[in-house]
Each structure stands twice: as C-alpha cells, then as structure tokens.
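First comes the structure, then the notes that go with it.
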Amino acid sequence: MIHTFTSCGKYMALDVGSGAVHALDEMAYDALRLYEQGTALEDIRAQLQGKYDAARSPS
C-alpha cells in the first residue's frame, strides 16, 4: 500500500509495507494519487496528458 501526502510544500509517498518515504515531483505525485484511487494506468496517462508536457512523460 502506498500513501501520498504533502509536507512542508514537498510531495511525498510512504510505502506502508517497507516504511520507506520517497520525495516525488508533482507529476509522480499526481499519478500515484490516481493509482491509489484505483484508476487504470491507461486512464492515469490520459488524465495527466493535458497537464504535463509529453516530453516529460516516460516512454
């Protein structure tokens, strides 16, 4: 399970299973938030496509 949150203006994710905390950029944060909600990967990409430049997206 992953839990996303913000702290001190930074985007963060907690991997509950391992206890690891990760700093994220805004795009990764938005993608993980949608994934947490059960959104399909194709739908995540479609929803974020208009918000972020395609050059930043992984291929």
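The values are calculated or read from the model by the stated rules, or taken from the named source; none is laboratory data. This is a predicted model, so every value here is computed, not measured. Neighbour counts are summed over all protein chains in view; Cβ atoms, including those assigned to glycine, are modelled from backbone coordinates with ideal geometry.
Quick notes
- Looking only at the stretch 27-56, and only at residues there that are more than 21 Å from VAL16 (Cβ to Cβ) and part of a loop (DSSP other than H, G, I, E, B), the one that is modelled with the highest pLDDT: ALA40
- Cβ-Cβ distances below 9 Å connect the following pairs, each with a first residue in the stretch 1-29 that is over 22 Å from GLN49 (Cα atoms), a second residue that is surrounded by 12 or more Cβ atoms within 10 Å (Cβ to Cβ) and of a type in the set (Asp, Glu), and a separation of six or more residues or different chains: MET1/ASP15; MET1/GLU36; ILE2/ASP15; ILE2/GLU36; HIS3/ASP15; HIS3/GLU36; VAL21/ASP15; HIS22/ASP15.
- Any hit, the stretch 3-13, residues being at pLDDT below 95 and of a type in the set (A, V, I, L, M): no
- The stretch 16-34, subset among the small types (Gly, Ala, Ser) and surrounded by 14 or more Cβ atoms within 10 Å (Cβ to Cβ), residue farthest from ARG45 (Cα to Cα): ALA28
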